[in-house]
Amino acid sequence: MIGSISDPLALNAVNKRYNAGSRNEVHAVKDVTASIDAGEFVVILGPSGCGKSTLLRLVAGLETVTEGEIRLGHTVLNELEPARRDIAMVFQNYALYPHMSAFDNMAYSLRIAGLPRAEIAARVQKAAAALALSELLERRPGQLSGGQRQRVAMGRAIVREPRLFLFDEPLSNLDAKLRVQARLEIRRLHGQLGRTSLFVTHDQVEAMTLADRIIVMNEGRIEQIGTPDAVYARPATTFVAGFIGAPPMNLMNGRVEGEHLFLDGVALPLPMRPPRQGPIMMGLRAEAVRAGDTQWLFEAELVEHLGSQQHVHGRLHGQAFVISRSNDGPLVRPGDRLGLSFDPQAIHWFDAASGSRLSG
Amino acid sequence: MVERTGLRHALAHFVLITGVCVIGFPLLVAFVASTQSAEDIAGRASLSLLPGEHGLETWRTALFGGQTRFGSNIAPVLPMMWTSLISALAIAIGKIVISLLSAFALVYFRFPGRALCFWLIFVTLMLPVEVRILPTYSIVSNLALLDTWTGLTVPLMASATATFLFRQFFMTIPPELVEAARMDGASPMRFFFDVLVPLSKTSIAALFVIQFIYGWNQYLWPLLVTTSESMYPIVMGIRRMIGGGDAANEWNVVMAAALLAMIPPAIVVLGMQRWFVKGLVEREK
């Protein structure tokens with residue numbers, strides 16, 4: 001690609017308020033600060049309504065920033081028209097022009113930019129080849145399958161050779177099998193093009209597999225920024241702990257007294273020194289616990305079989321708890337009681353009130 | 001089941017055939033009358049349903065004008081058809097262009113008074129030409145536009161119906177399409193011509209047919225604003241052929257002119273039928 005310049009993206013205390021000042025003000029994005037390195041693939045992950053799409057649209061220029069600054073390379077984007085930002089976006093429903101062929105859809109932005117015909121054709125052919133669309137260029141979106149439309153939408157972004165790619169849940173309209181393929185495709189293309197990319201999704205598997213780093217958002221705020229491993233292994237808040245991982249991390253509300261955790265009035269011995277006394281939130285991953293001869297008594301209520309694994313839902317001293325076991329061990333049935341053991345490092349401590357991480 | 005559908009078919013055919021007869025018979029009568037001489041029509045108690053021998057002569061008189069054997073002067077219909085065609089085309093195209101643009105403004109732009117504009121347009125839906133005809137006439141006459149193409153067509157161009165129709169259609173277009181066009185660098189007018197207009201093609205065709213016929217059938221307005229014979233549309237011309245008082249009516253010529261007046265709208269409807277039906281029925285995705 002011509003001049004494969006990549007630029008870092010900086011978000012500086014970005015805020016978005018709708019109906020600012022009025023009674024029904026909505027504060028959709030709150031003080032978002034993040035810096036994304038040149039060529040990095042960053043996934044914004046969060047539940048629906050967390051402001052992740054709004055954030056993406058602010059970067060695209062489809063919404064105006066209320067406060068704060070967005071900078072791509074040395075350019076401040078805030079006041080620039082979307083077209084002048086040199087950013088391409090892949091939309092959730094692809095937003096292809098229904099009356100244009102795949103070729104015209106991909107060529108449209110280049111035509112507007114006034115590129116010579118030969119160069120437009122060359123760029124579209126090249127993108128089409130990379131996306132296995134060469135045979136389909138004459139077809140209209142209505143004559144393409146969902147996966148093909150998604151690839152045309154990708155092609156439309158690629159031909160522009162933009163400084164930044166934005167993806168707004170581009171895989172959510174595909175069926176499960178195509179989604180896996182498309183995910184690999186996006187990762188492969190990113191490897192080839194090396195452009196800074198921002199990808200919005202609510203699907204943690206997409207986030208974990210695609211991202212160099214993940215930004216987890218909730219209620220307009222960033223909860224955590226980190227590599228997929230870091231976000232999984234050291235969630236910064238109970239929200240992240242509960243959002244990432246399948247099944248999500250078990251969180252138990254209890255009290256620490258001495259070397260014991262009190263759950264539902266029962267004193268349970270801790271294998272480590274707790275970081276503080278008093279009310280606390282303790283987290284344990286379902287896959288980090290084993291059956292063992294301890295006082296941590298788990299009562300199974302429901303078993304889900306997932307092929308190689310089984311998830312056992314039940315209660316641990318009155319609190320909802322899930323354990324994940326491989327299928328080759330002894331089977332657990334509803335009503336079974338078993339003691340649980342776990343490594344001291346497997347414990348995550350969170351502040352009971354704020355939900356933020358306590359231990360290192 | 002077979003019997004029932006058989007019965008249904010018969011019923012459907014009966015209704016349709018009756019309809020065709022009701023519509024077709026007057027046309028036949030008009031055609032037959034246009035081929036007979038004026039005396040034949042006036043003299044007989046009832047009209048013969050068999051074509052006479054005077055067809056060619058009558059149609060020539062109707063088209064190019066001239067004196068009949070009774071000495072009445074017939075104005076030529078051909079220039080009137082030309083007037084009608086031009087004004088109907090101008091009205092139809094003008095209406096579509098203005099409605100497309102105003103619907104575009106209403107749907108895609110936020111400007112002060114947008115809601116007010118919409119409601120003003122919407123309210124005029126309830127006001128047919130006849131209600132505002134006097135003030136409109138006074139404006140046109142003050143602007144010295146009587147007996148001009150402008151005066152004949154422009155006051156009929158604004159169309160609340162078409163604006164409303166396009167507005168509804170634009171609102172079904174996914175907003176992401178606008179956003180994609182913005183990201184692609186399309187200016188608003190570029191988006192309008194490259195995306196909105198092509199997507200509205202079938203609606204435009206349907207409206208064109210409706211508005212062309214509306215323009216062609218205008219009677220009251222041309223009656224007010226035209227005084228010179230060269231600006232008379234055909235609908236007025238036919239009316240003027242039917243004399244009042246003691247002048248004898250040349251019914252054969254009137255019928256020929258009436259049939260001539262039907263031809264252009266018929267061509268438009270038949271020619272655009274496919275698009276027309278698509279535009280009325282289709283709701284794309």
From fewest to most C-beta neighbours within 10 Å, the residues A:50, B:117, B:21 line up as B:21, B:117, A:50
Connecting every pair of Cα atoms under 10 Å apart in chain B and solving the GNM, the largest mean-square fluctuation among B:189, B:81, B:157 falls on B:189
Footprinting proxy, A:216, A:76: sorted fewest to most Cβ within 10 Å, the residues are A:76, A:216
Dividing the surface of the Cα convex hull of region A:9-237 by four yields a projected area in nm² of 13.1
Between the residues A:327, B:169, B:59, the Cα farthest towards the positive end of the dipole of the protein assembly as shown, that dipole coming from +1 and -1 charges on the beta-carbon of Lys, Arg, Asp and Glu, is from B:59
Quick calc, region A:9-237, dipole around Cα centre from Cβ unit charges on Lys, Arg (+) and Asp, Glu (-), nearest 20 debye, gives 460
Restricting to lysines and to Cα separations under 19 Å from residue A:52, and discarding same-chain partners fewer than 8 apart, the set is A:16, A:30
On the formula 1/(1 + (r/R0)^6), with r taken between the Cβ atoms of residue A:126 and residue B:143 and R0 of 51 Å, the FRET efficiency rounded to 0.05 is 0.30
The FRET efficiency for residue A:293 and residue A:354, from their Cβ-Cβ distance with R0 = 56 Å and rounded to 0.05, is 0.95
In the neighbourhood of residue B:57 defined by beta carbon distances under 14 Å, the net charge of the other residues (Lys, Arg +1; Asp, Glu -1) is -2
For region A:1-124, averaging the sequence separation of alpha carbon pairs under 8 Å that lie six or more residues apart and dividing by its residue count, the contact order in percent is 22
Ranking A:43, A:129, A:216 by how far each Cα lies towards the positive end of the charge dipole of region A:9-237 (+1 on Lys and Arg Cβ, -1 on Asp and Glu Cβ), the top one is A:129
Ordering A:256-265, A:141-150 by per-residue average of other C-beta atoms within 10 angstrom, highest first, gives A:141-150, A:256-265
Inter-part gap, Cα centre of region B:169-198 to Cα centre of region A:287-357, in whole angstrom, is 53
From the Cα centre of region B:89-139 to that of region B:204-272, the distance in Å is 26
FRET efficiency for residue A:253 and residue A:76 from the Cβ-Cβ distance with R0 = 30 Å, rounded to 0.05, comes out at 0.10
Quick calc: nm separation of the 7 Å Cα→Cβ label points for residue A:229 and residue B:117 -> 5.8
Mean-square fluctuation maximum in Gaussian network of chain B, Cα pairs under 10 Å, restricted to B:249, B:142, B:217, hits B:142
Counting only DSSP beta bridges with both partners in chain A, the antiparallel fraction in percent, to the nearest 5, comes to 75
Expected sort for A:14, A:29, B:235, B:197 with the fewest Cβ neighbours (10 Å cutoff) up front is B:197, B:235, A:14, A:29
Ranked output for segments B:262-268, A:113-119 by mean other Cβ atoms within 10 Å, highest leading, reads B:262-268, A:113-119
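Throughout, read-outs are computed from the coordinates displayed, never taken from laboratory work. Source: prediction; values computed, not measured. As a convention, Cβ positions derive from the backbone with ideal geometry for all residues, glycine included, and neighbour counts pool all protein chains shown.
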